[in-house]
Each structure stands twice: as C-alpha cells, then as structure tokens.
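Got a structure here, written out as structure tokens. Questions coming.
The values are calculated or read from the model by the stated rules, or taken from the named source; none is laboratory data. These figures come from a predicted structure and were not determined experimentally. Don't worry about glycine lacking a Cβ; one is built from the backbone with ideal geometry, like all the others, and counts go over all protein chains shown. Remember, those area values only see protein heavy atoms, side chains included, never the ligands or the DNA or RNA. Shrake-Rupley method; radii C 1.70, N 1.55, O 1.52, S 1.80 Å.
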Amino acid sequence: MSSIADNLESVTRRIQKATLQAGRKPDSVSLLAVSKTRSAEELREAVAAGQLAFGENYLQEALDKITELRDLTEIEWHFIGPIQSNKTRQIASAFSWVHSVDRLKVARRLSEQRETGLPSLNICLQVNINNEQSKSGCQPDELPELVSEISQLPGLTLRGLMAIPDPEQAESALRESFHKLANTLEKLRQDYPDAGPLDTLSMGMSGDLEMAIAEGATWVRIGTAVFGERPPKS
Ligand SMILES: *Cc1c(COP(=O)(O)O)cnc(C)c1O
C-alpha cells in the first residue's frame, strides 16, 4: 500500500508533466487535495508531506476537522460541496475559498457574513456544464447576471468558474466540457474586465487531471489519487 506522501509525489509529477506538455508555466496549476471522508490523521500526514490546500464537501465533517487541526495554521480550507443557504455563516467564517457558489442568494449571504477582519473570501461559480438535471451548478446563461451582481459584493473576490463534468462521458465529450468552461471564463473576462481577477478554473479530478490541465485548469481537485479509494459512505 502506498503512503499519502508517495501518492502526493506521484500526483504532483502527473500535474507537472501535464503542465509542461500543455506549454503552461510550471506554477500555473495547483493541487487541491479533496479530503471528504478522510480522517484528521490522514490530513496531518498530507500536511507533513507538504500539502496545505484541502477541499471539503460536507460542512459538519469539515468543521470537525478544522477544529481538530487548528494547530496547523498554514492549512488553506476550500469548500467544494453543495451549499444550503442556512449554512453560509459557518462557511463564511471557516474557509478561504468556496468553489461551489451557484446562486445569488448564497453569494449575498457569504458577503454579509464574512467577518470584516478576515481577508476576502475567494469565490468560484459552479457551472452545470453538461446541463444535467441532477447536478448542482448554475446554467451558463445565468453567468452574466451572477458575475455582474457578485462582483459588487464586499468581502468576496470573484476568482472564476468550477465544474464537475460527468466523468462517465466519452473522452472527447469530457474534453469538450473542460474546453467549454475555459471559453466561458475567457468570455466573462472580456465582458466584465472589472469583475475580479477571474483567473481560476477549478476542474479536473483523479481520472482526468491531464485533460483538464490541457484545457486550462488552475486548481485540480484530487481525492482518490491522493488518499486512495474512499470507503463507502455509511
Ligand atoms: C470527490 C470530489 C473530487 C475528487 O474526486 P476524485 O475522483 O476522488 O479525485 C473532486 N471534486 C469534487 C467536487 C468532489 O466532490
């Protein structure tokens, strides 16, 4: 069985290779270790190996780990799961990034609830890029309004877009999904030059990070390849 440190090393090598092959700058892609269902001890192991950015999907589970690991002050916490609007206060106070904002109400609440002493909260808009009924994320045609409204909100910095394209699609369709998200961000950057840095594409998981990097990913969200297969959620 390989250790988390070994896994991190091989994922980092995959990222470097894909970045190089895409002709992109070596530091233009960051690894977000997706730690849902993983214990605080496993995260400690990852931190000891140099990993500092962690993505969590379930708020209560995340808050428990954040409390347990509060001695590791250099950790950067990212929320990447579906957001219930009555839970925004805790998200606004405990995280540095939220990748899964998909409606104005949630953004408004995060803005109001972000404490003024904290740096502004980095936001990505989650886009339902495959038009799936079941998936969360806004529709692409809702983006212009969301971007123009959210960019006005204090306490938030609009960093870019996130998507979870259906990994079961054919490779060409999956690639097209990543490409579409990248084009959508580029268009928003042109149409809304003052909306925020809009420098972030959160896309790519364990099975498809190379393709996502070839299409412009800046955060790849990697769970299984870092921590091993997830135990079934009980
Ligand atoms: C679980 C999850 C990931 C990581 O998936 P792996 O295939 O385990 O790398 C990435 N993004 C989101 C939103 C997730 O829920």
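So, in the stretch 184-220, exactly how many residues are open to solvent by 20 Å² or more (accessible area, probe 1.4 Å), of a type in the set (A, V, I, L, M) and under 12 Å from Pro165 (Cβ atoms)?
Total meeting the criteria: 2.
Could you identify the single residue in Leu181, Leu174 that is closer than 23 Å to Ser96 by Cβ and crowded, with 19+ Cβ neighbours inside 10 Å? Walk me through it before giving the result.
Values: Leu174 fails: closer than 23 Å to Ser96 by Cβ.
After ruling out the rest, the residue left standing is Leu181.
Can you spot a residue in the stretch 154-164 that is within 11 Å of the ligand (Cβ to nearest atom) and in contact (Cβ under 8 Å) with a residue 60 or more places away in the chain? Quick ask: steps written out before the conclusion?
Initial filter on the stretch 154-164 (within 11 Å of the ligand (Cβ to nearest atom)): 162-164.
With the extra rule that they be in contact (Cβ under 8 Å) with a residue 60 or more places away in the chain, the set shrinks to 162.
Yes.
If you take the residues of the stretch 114-148 that are within 21 Å of Pro197 (Cα to Cα), touching a Phe, Trp or Tyr at 6+ places or on another chain (Cβ under 9 Å) and not small (Gly, Ala, Ser), which of them is surrounded by the fewest Cβ atoms within 10 Å (Cβ to Cβ)? Let's see the steps before the verdict.
Restricting attention to the stretch 114-148, the residues satisfying the condition of being within 21 Å of Pro197 (Cα to Cα) are 114, 116, 118-127, 137-138, 140-148.
So of that shortlist, the ones also touching a Phe, Trp or Tyr at 6+ places or on another chain (Cβ under 9 Å) come out as 121-124, 144, 147-148.
In the following step, the residues that additionally are not small (Gly, Ala, Ser) were identified as 121-124, 144, 147.
Numbers: Leu121: 25, Asn122: 20, Ile123: 26, Cys124: 26, Pro144: 13, Val147: 19.
Within the stretch 114-148, the match that is surrounded by the fewest Cβ atoms within 10 Å (Cβ to Cβ) is Pro144.
Let me ask you something else. Within the stretch 186-234, track down each residue that is among the basic types (Lys, Arg) and within 9 Å of the ligand (Cβ to nearest atom). Steps first, please.
Of all residues in the stretch 186-234, those among the basic types (Lys, Arg) come to 187, 189, 221, 230, 233.
Answer for the stretch 186-234, where residues must be among the basic types (Lys, Arg) and within 9 Å of the ligand (Cβ to nearest atom): Arg221, Arg230.
Quickly run through the stretch 174-185 and pick out the residues that are more than 16 Å from the ligand (Cβ to nearest atom) and in contact with an Asp or Glu (Cβ under 8 Å, 6 or more places away or on another chain). Steps first, answer last, please.
Looking only at the stretch 174-185, we keep the residues that are more than 16 Å from the ligand (Cβ to nearest atom), and these are 175-176, 179-180, 182-185.
Arg175, His179, Ala182, listed by residue number.
For every residue, the table says whether it meets (1) in contact (Cβ under 8 Å) with a residue 12 or more places away in the chain; (2) crowded, with 21+ Cβ neighbours inside 10 Å; (3) farther than 21 Å from Gly207 by Cα; (4) in contact with a helix residue (DSSP H, G or I) (Cβ under 7 Å, 6 or more places away or on another chain).
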position: Gln16; (1), (2), (3), (4): no, no, no, no
position: Ser28; (1), (2), (3), (4): yes, no, no, yes
position: Ala48; (1), (2), (3), (4): yes, no, yes, no
position: Leu63; (1), (2), (3), (4): yes, no, yes, yes
position: Leu69; (1), (2), (3), (4): yes, no, yes, yes
position: Thr73; (1), (2), (3), (4): no, no, yes, no
position: His78; (1), (2), (3), (4): yes, yes, no, no
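Among Ser100, Ser134, which is modelled with pLDDT of 95 or more and polar (S, T, N, Q)?
Just one listed residue meets the conditions, Ser100.
Can you tell me how many residues in the stretch 87-118 are of a type in the set (D, E, K, R) and not in a loop (DSSP other than H, G, I, E, B)?
Pass one, the stretch 87-118, residues of a type in the set (D, E, K, R): 87, 89, 102-103, 105, 108-109, 112, 114-115.
This time we only want the ones that are not in a loop (DSSP other than H, G, I, E, B), so: 87, 89, 105, 108-109, 112.
Here the count works out to 6.
To continue, here is another question. Please work out which one of (1) touching a strand residue (DSSP E or B) at 6+ places or on another chain (Cβ under 9 Å); (2) small (Gly, Ala, Ser); (3) over 21 Å from Thr19 (Cβ atoms) is the condition Ala173 fails and give its number.
(1)
Does the stretch 31-85 hold any residues that are away from the ligand (no atom under 16 Å from the Cβ), farther than 24 Å from Glu9 by Cα and of a type in the set (Ser, Thr, Tyr), and which are they?
Residues satisfying the conditions are Thr67, Ser85.
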